[in-house]
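Trainee: This is the structure I want to talk about, given as structure tokens.
The values are calculated or read from the model by the stated rules, or taken from the named source; none is laboratory data. Keep in mind it's a predicted model, so treat the numbers as computed, not measured. Backbone-built Cβ (ideal geometry, glycine too); neighbour counts: all protein chains shown. Ligands, DNA and RNA are excluded from the accessible area calculation, which covers all protein heavy atoms including side chains. Shrake-Rupley method; radii C 1.70, N 1.55, O 1.52, S 1.80 Å.
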Amino acid sequence: MKILMVCLGNICRSPLAEGILKHKAKETGLNWMVDSAGTNNYHIGEAPHKLSQKVAKLNGIDICNQKARRFVKEDFDRYDKIYAMADDVLDDIRMIAKEKYDASKVELFLNELHPGKNASVPDPWYGEEPGFHEVYKIIDEACESIISKYANVKISK
Ligand code: 4NP
């Protein structure tokens, strides 16, 4: 499985989703490739937001070596599954991918946790540290659902 996590800036939400899913896949013995990207170009080349790095580290996950990159239409050739962190991100993905857009590969990330609800991961960018902790928890739960769904394994805590 090759999975791409996508948000707007690729510095707050999708780096956490990448780090958490990679960690859980490895723990479960799954040889998955997990990456992340953003639909805007404001933070290309930057490391994840300091508070995303902090909450990840507090949970034993190191994301400091990630670097933001922009989502490109060719990502549809490279990945089996593309998760959008929010509905505006999904709109951007559609716009960027144009003729390469493949609805069968794209899903709103939180539909893995709450099927059919079409909920978005809140954007912590404009808020304070508690928002990052809240987002970590939501992303962690959704990643666990993804592992259970595709690997048919429940991680014991
Ligand atoms: P992210 O958060 O999409 O979770 O990385 C954002 C980061 C930066 C901006 C927006 C959202 N920005 O507008 O710069």
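Trainee: Roughly to the nearest percent, how much of the accessible area of segment 91-157 is carbon and sulfur, given a 1.4 Å probe?
Mentor: That fraction is 53 percent.
Trainee: Could you size up the charge dipole of the chain around its Cα centre, putting +1 on the beta carbon of Lys and Arg and -1 on that of Asp and Glu, and report it in debye to the nearest 20?
Mentor: Working: 23 positive and 24 negative charges, 88 e Å.
It works out to roughly 420 debye.
Trainee: Suppose R0 equals 41 Å; then what is the FRET efficiency for Lys117 and Cys64 from their Cβ-Cβ distance, rounded to the nearest 0.05?
Mentor: 0.80
Trainee: Also: Excluding ligands and nucleic acids, what accessible area in Å² is computed for His133 using a 1.4 Å probe, to the nearest 10?
Mentor: 80 Å²
Trainee: For segment 77-142, calculate the relative contact order in percent as a whole number, restricting contacts to Cα pairs under 8 Å that are 6 or more residues apart.
Mentor: Values: 59 pairs, mean separation 20.5, N = 66.
Normalised by residue count, the contact order of segment 77-142 is 31 percent.
Trainee: Rounded to the nearest angstrom and ordered from largest down, what semi-axes does the equivalent ellipsoid of the chain get from its C-alpha gyration tensor (root of 5λ)?
Mentor: After scaling each eigenvalue by five and taking roots: 21, 19, 15 Å.
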